Amino acid sequence: MHKHTGQILISPRVTEKGAYLAEGGAYAFNVAKNASKKQIAAAIQEVYKVSPRKVTLLRVPRKRVMTRGTNKTGMTAGGKKAYVFLKKGDKIELA
């Protein structure tokens, strides 16, 4: 089953670590839980017009959290993130 690019790349992960990695040519993205490395690489190429050198996947675990006002417990969503490494000289603008 083929997925649309918008269903594979959910959003860029804008964090301090992500900004540090971007200086070295690596970018972090939230991706669909069932997305493969090849699907992510194809989506990056389609959206940003750059070809990734390497894609690394990590699972983001669910965590138990307390709400601020009512002290009820809940769970964070969890998910999957991908680090996309580009060739030297290639850049992705995450404005």
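Summary table below
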{"quantity": "Given (1) in contact with a Leu (Cβ under 9 Å, 6 or more places away or on another chain); (2) on the phi > 0 side of the Ramachandran plot; (3) among the charged types (D, E, K, R), number of the condition LYS49 does not satisfy", "calculated": "(1)"}
{"quantity": "Which numbered condition ILE44 fails, given (1) part of a strand (DSSP E or B); (2) under 14 Å from the mean Cα position of the chain (by Cα)", "calculated": "(1)"}
{"quantity": "In region 38-72, residue surrounded by the most Cβ atoms within 10 Å (Cβ to Cβ) [restricted to those that are closer than 21 Å to HIS4 by Cα and of a type in the set (Gly, Ala, Ser)]", "calculated": "ALA43"}
{"quantity": "ALA42 at pLDDT below 90, of a type in the set (Gly, Ala, Ser) and within 17 Å of LYS87 (Cβ to Cβ)", "calculated": "no"}
{"quantity": "Restricting region 3-18 to residues that are of a type outside the set (Val, Ile, Thr) and modelled with pLDDT under 90, the residue that is nearest to LYS80 (Cα to Cα)", "calculated": "GLN7"}
{"quantity": "Condition met for ARG13 (crowded, with 18+ Cβ neighbours inside 10 Å, among the basic types (Lys, Arg) and touching a strand residue (DSSP E or B) at 6+ places or on another chain (Cβ under 7 Å))", "calculated": "yes"}
{"quantity": "Residue check for ALA35: surrounded by 12 or more Cβ atoms within 10 Å (Cβ to Cβ), part of a loop (DSSP other than H, G, I, E, B) and out of contact with any Phe, Trp or Tyr (no Cβ under 8 Å at 6 or more places or on another chain)", "calculated": "yes"}
{"quantity": "Which listed residue, of VAL55, VAL65, VAL31, is closer than 14 Å to PHE85 by Cα and of a type in the set (A, V, I, L, M, F, W, C)", "calculated": "VAL55"}
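The values are calculated or read from the model by the stated rules, or taken from the named source; none is laboratory data. Just so it is clear, the structure is predicted and the values come from calculations on it, not from any experiment. With ideal geometry, Cβ positions are generated from the backbone for all residues, glycine too; neighbour counts draw on all protein chains shown.
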